[in-house]
Structures are given as structure tokens and as C-alpha cells.
1. Report, by residue number, each residue of the range 175-201 that is more than 11 Å from the ligand (Cβ to nearest atom) and in contact (Cβ under 8 Å) with a residue 60 or more places away in the chain.
2. Kindly evaluate residue 204 against the criterion of being within 16 Å of the ligand (Cβ to nearest atom) and buried (at least 16 other Cβ atoms within 10 Å of the Cβ).
3. Name the one entry in 134, 168, 143 that is within 16 Å of the ligand (Cβ to nearest atom) and among the acidic types (Asp, Glu).
4. Which members of the range 288-302 meet the condition of being within 16 Å of the ligand (Cβ to nearest atom), within 15 Å of residue 314 (Cβ to Cβ) and out of contact with any His (no Cβ under 9 Å at 6 or more places or on another chain)?
5. Could you list, in sequence order, the residues of the range 254-277 that are touching a strand residue (DSSP E or B) at 6+ places or on another chain (Cβ under 8 Å) and small (Gly, Ala, Ser)?
6. Filter the range 214-256 for residues that are buried (at least 19 other Cβ atoms within 10 Å of the Cβ), more than 16 Å from the ligand (Cβ to nearest atom) and aliphatic (A, V, I, L, M) and give the result.
7. Taking only pairs six or more apart or across chains, which ones have beta-carbon atoms under 7 Å, a first residue in the range 415-444 that is without any contact (Cβ under 8 Å) to a residue 60 or more places away in the chain, and a second residue that is assigned to a loop (DSSP other than H, G, I, E, B) and among the charged types (D, E, K, R)?
8. Find all pairs meeting these conditions: Cβ atoms under 8 angstrom apart; at least six residues apart or on different chains; first residue within the range 114-134 and touching a residue at least 40 places away in the same chain (Cβ under 8 Å); second residue in a helix (DSSP H, G or I) and surrounded by fewer than 12 Cβ atoms within 10 Å (Cβ to Cβ).
Amino acid sequence: MKIYLETMGCQMNRLDSELVTGRLLAAGHEITDDRKSADVVLYNTCSVRAHAENKVYSRLGEEARRKGNLKHPPIVGVLGCMVQRQGPALRKRYPCVDIACGPRQLSDLPEMILNAAAGKTTVARDPDRKTARDAFENDPNFDVLDQGRDPCIGPNARAYVRVMRGCDKFCTYCIVPFVRGPEISRKPSAIVEEVRRLVAAGRCEITLLGQTVNSYCHRAGEQTVSFSDLLGRVSDIEGLRRLRFVTSHPIDFGNDILEAMRDLPNICPYVHCPAQSGSDRILKAMGRNYTREQYDDLIDRARAIVPDVVLAGDFIVGFPGESEQDHAASADLIRRSGYKNSFIFKYSPRPGTAGARHLVDDIPAAVKKYRNNELLAVQAEAGLAHHRKLIGRTMEVLVEGPSRRAGKQPKAPANPGHLQLVGRTRGDHIAVFDGPRDLAGQYANIHITGASALTLFGQLR
Ligand code: SF4
């Protein structure tokens, strides 16, 4: 069958979609970019923000209309976090849905599609948090989707590898612990084996992925493997040129991880560590379990231990009760940290979280918008200052391919046959430069000649 798969949300969802694609291809299906001609339409969904869920409702509204009008309507499947959050209610609201499949049930998707073709609908949710830890911790098939992956599927040269599932932190604004379940770390041997297979298939830049990746901890009998131990084991794999990890939680960022970054040459000097707020009062209300002082200390330790470390942050504006003073503290934190970039979001209550139950969403939309714009402007200044310091350097990039503006530049590349390419430095800077298309997936040295708040501009050396 021809299958269309659309992915919303975070890197974890993108990885799930990549793994699901491999499984569907192995089952003899074909993947298409054309939703209208597909026999099966799948949406891998996100519940972190209301906006992402609204997008899925709009797609499902379209699918319901199409099903009413077509002689041979497609099978419609909803995957991931929205299924976990809403379960049968989602299908009740949208009877056009034939498959509703939670995040940990994705390995059974080929069978669900066959059942749907035979007229049988599926609603498969993961066990709830209370029972999930027992159900998964000792199950050798817990990471069957990851273990069975086809190492050749995915963007050239780069790959994500999941090291853990779920989250136990329960920040008051966040739905993840409820939809992705308890934090369970994969066996280090399974992770190392997966990376080995990916590297053998030519994927030389690996990003270890976890909701709080640096909280990774695997216990077996007397033996405990920490995240810095895991970094050591993975970085040892021959042929692995770059190793990254996202996303980190400030509270679990010990010096052992920073020292591994300093001492192991293939670990990239890039730390994405969400602060969410610069104000102690708001950090406490968010349940983040660290203070501003502790976060500042992390930034200072990172700069002291890892030469050339590049920092990125996340912030939420308009959290319940956020005063102008709290907001100013976030702006101050961005200036102090000198992030390369920050992801800045406006608070919206997510049903089921402690924030939605106990806090009043009391910051008017206009104030959220203004604070969002103000933090974006402060970040733009910090980002520009950071990127400008790199002008004149020669930096190695892994070339991703043509930039989004390739062919649309006001001035055509000087060299015929060249086009605008985009690559990433070890510090995760985005660099654009002119070069031949076949550089995609390879490393190149770029002389940096200019910078904006988000991008480096350079010339191929
Ligand atoms: S650490 Fe907090 S924000 Fe991150 S996934 Fe866990 S609960 Fe959500």
C-alpha cells in the first residue's frame, strides 16, 4: 500500500517516524509524499502545545470530509502523544480514524494497517504511568522499534539514537511525563550496537536523544552506567566523527559530562540546556527544581571546562504569575548566557498537567506576545554577538544539502554548477555557502565571512 506519514513535534517524534518508515518499508509498503493518492494517511502527533494539536484536528476534519466524498477512502491513522492523551475520546470525536496508536505501540503498526484494511479499527494506548515501569523495564522488546531499525533510512550522514524513553521530572506546564510515560533508560549495549550499525552504514554524526538525555542511568544488578559512562562507550566507536546529545536538564548536568565533552574529541561542544525562566519564583512554580544561581553556575562550569562551548536555551514567557521583574530576569539570563540561539514559547495550559489544574493562566495574550517579542529581540542581539565572534575563522561543517534559498539568491553563485548549501558546525551553528550539490553528506571547511543572529555565511576552502 502507498503510505503518507506526516510528523508534528519534536526530534523524538521525527525519530519515531523514521523508525516506523523502516518498518513499513520492510513490510512491503511504499512511502509517498502525496497525501491525496495515499491508501493510508498517518499523522504522528504532538501534545506539547495546543497549536500542534489544533493542526491535527484540522487535518482530521479534512480526512472526515474526504472519507464522505471518496469511493475508496484512505485508512486514517493517528499516532503518538495525542492518542496517549485522549485515547478512545479521539476516535469518538473523529470516527474517520481507523488506527489510534500510542508511542510505544508503534512496532505493531504494520499489523494494525492490515486489520484496518480488513475493516477492523484499533485503539492501542500505552499502559498508564503506574503500570508502565513494570511493564517495560524488564521487557526485552521494550526498544524493539529501535533495535530493528534499518540504518540506511534517514537524512544523509546524520542519525538520532534514543537512549531513554519518558520523563520523571513533572514540570508543572508539561504533558510529556503523562504521554511518554516514566523515564526508562535503554541498555547501554543496545545503544552501542545501534550506533555501530549506523556508523557502518555511513552515518557519522549521531545525536543521542532523550527527553532529559543527561538523566540517563542504567542499572543492572550492581552495575550502574551513567550518562558520562555512556558517552565514553559510544564515542569509542570507530568511524564516529561527531557525537551530540539533546535535550539536557540543568539539574543533572554534572562536571563528569562536561569533562567527557572536553576529553573525548568526537563529542561536539554544544549544550542545549533549557532554562525556561531566569526568575527563582517562576522556576519554583514551574517545578524545575533548580535556582537561577544553580543555572548560572552550570553555564560558568560549561565555559570553564569545555573550550569553545556553544550554548542554546529554551524559555517560556507568560507563565502564570510572571511579573515584569520575572520577565526582566529571563532577559538578563539570555544576555548573561550568550546563547547561540533560544527557543522561546508563549505559555498555554495543557489539560492534565499540574499547571492547568492549579494555576490560573492570568497573563493576557497581548502581554505574552509583547514579552515573547522582547525575548526574541534580546536573543537576536546575543545570537548576533555570538556569531560575529566567529568571522575570520575556518570551521568544519557537515553539509546537509541545498539551503532553502538555493536558486533564489539575488546574486547567482560565481561558480557555475554551484548552489547555496547549508551545513552545521561542531557547535551546531548553521552555515551557508556556495558549493557543488554533491557535497551533501560530506565534511567541508568553510571560511566565515559574515554573520546574522542565526546564521554564519562563508566560503568553501
Ligand atoms: S523535564 Fe520537564 S519540560 Fe522536559 S520533558 Fe520532562 S517534564 Fe517536560
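The values are calculated or read from the model by the stated rules, or taken from the named source; none is laboratory data. This structure is a prediction, so every number in the text was calculated from the model and none was measured. Note: ideal-geometry Cβ built from the backbone for every residue, glycine included; neighbour counts use all protein chains shown.
1. Correct list: 181 only.
2. Here the answer is no, as residue 204 does not meet what is asked.
3. Selected residue: 168, the only one of 134, 168, 143 that is within 16 Å of the ligand (Cβ to nearest atom) and among the acidic types (Asp, Glu).
4. Across the range 288-302, the qualifying residues are 295, 298.
5. 260, 275, 277
6. Of everything in the range 214-256, those that are buried (at least 19 other Cβ atoms within 10 Å of the Cβ), more than 16 Å from the ligand (Cβ to nearest atom) and aliphatic (A, V, I, L, M) turn out to be 225, 230, 231, 234, 240, 243.
7. Cβ pairs passing all conditions: 420/405.
8. Listed pairs, sorted by first residue: 123/88.
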